[in-house]
1. Given A:102, A:118, A:112, which one is closer than 30 Å to residue B:109 by Cβ and more than 9 Å from every other protein chain (Cβ to nearest Cβ)?
2. Cβ-Cβ below 8 Å, separation at least six or inter-chain, first residue in segment B:39-68 and within 14 Å of chain A (Cβ to nearest Cβ), second of a type in the set (D, E, K, R) and surrounded by 11 or more Cβ atoms within 10 Å (Cβ to Cβ): which pairs?
3. Mind counting the residues in segment B:121-138 that are at the interface with another protein chain (Cβ under 7 Å from one of its Cβ atoms) and without any contact (Cβ under 8 Å) to a residue 40 or more places away in the chain?
4. Inspect segment A:155-169 for any residue being under 30 Å from residue A:54 (Cβ atoms), touching a Leu at 6+ places or on another chain (Cβ under 9 Å) and not hydroxyl-bearing (Ser, Thr, Tyr) and give the result as yes or no.
5. Among the residues of segment A:109-163, how many are at positive phi and either within 30 Å of the chain's Cα centre (by Cα) or assigned to a helix (DSSP H, G or I) (or both)?
6. Can you name the residue in segment B:96-120 that is away from chain A (no Cβ under 11 Å) and not small (Gly, Ala, Ser) and, of all such residues, is surrounded by the most Cβ atoms within 10 Å (Cβ to Cβ)?
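What follows draws every value from the coordinates through simple rules; no lab data is involved. Here the structure is a predicted model, which means the values were calculated and not measured. Don't worry about glycine lacking a Cβ; one is built from the backbone with ideal geometry, like all the others, and counts go over all protein chains shown.
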Amino acid sequence: MLFSFRMLATRALSLVGKRAISTSICLRGGHGVAKVDDYALPAYFDRRENPLPDVQFVTELSAVQKSLKEKEKGSWATLSNEEKIALYRISFKQSFAEMNEGTKEWKSVIAGMFFFIGMTGLVVLWQRKFVYGPVPPTFESEWKEKEVQRMLDMRINPVEGFSAKWDYENKEWKK
Amino acid sequence: FSPVGKMFRPVVRLSTSGVRSLTRTRPCYSAPLASRCYSHAKVETDEEFDARWVTYFSKPDIDAWELKKGMNTLIGYDLVPEPKILDSALRACRRLNDLASAIRILEAVKDKSGPHKDIYPYLIQELQPTLIELGISTPEDLGMDIL
């Protein structure tokens, strides 16, 4: 009666690890204890929005740490700063300052951006040389001169636009 | 003339039926135009909120899970807890012999203040008697606020 089946199983499991076993152990039908996979147990993680994680960071305490934990039960004023920091590090992996520390990843991002923009530029230059055919004759400066002259002769937009900017008396663009 | 009359008649019919449907589907009871349809649930005042949380952490036999749950929930809210709530939480840490959590709580509220840099010094100032009494060092004392 004192040592029920349930207690034996929990004692056996407590030897495996100090993690909190949240799943209840079903012993019906004599099938034994269900295997608790590591991923199913509460995990430790440092997050701003979850300041106190479900488990301590350090699960197996060394002798020094154990004695420190005993000392913690007394007055905290007797603890030195190093001891307090050690207690903190038992429970937590990173402090808030460490957790919130920015990475230098942005430099890589900007570098990558410039690199790929440069690559694209090279591709465009290559394309201009090797892919595109010649530009139509209408782009030649001789042709363009004749085009402009024709537009002026036709009085294109003479009020406020194109021809309005041409001085017909002095045959030059208006200043 | 007659085509015009025919044109207007259906329009008039539509508008009258439209007006009727409007009055039918109006959800609020007939009250002055300025009233809104807000929930009639009682809103908890700040004092009630504070008192509730102080009571939560003041439980003499509070266990570690309850402390963690309470603290994580409190940090999830869009506010920085009042010094009296933090005092209660720090005392709960003392009952649980958990100095690390006490320091973590202080870090968390400093982080919670965000850009408002004057909140944390105020909290520390208000909590100073408790910190001295319980022997809790602030993260600044331990040099944990810098890298």
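1. Answer to the check: A:102.
2. The qualifying pairs are B:57/B:91; B:62/B:95; B:64/B:98; B:66/B:59; B:67/B:98; B:68/A:54.
3. The number of residues fulfilling the criteria is 2.
4. No.
5. Selection size over segment A:109-163: 0.
6. B:120
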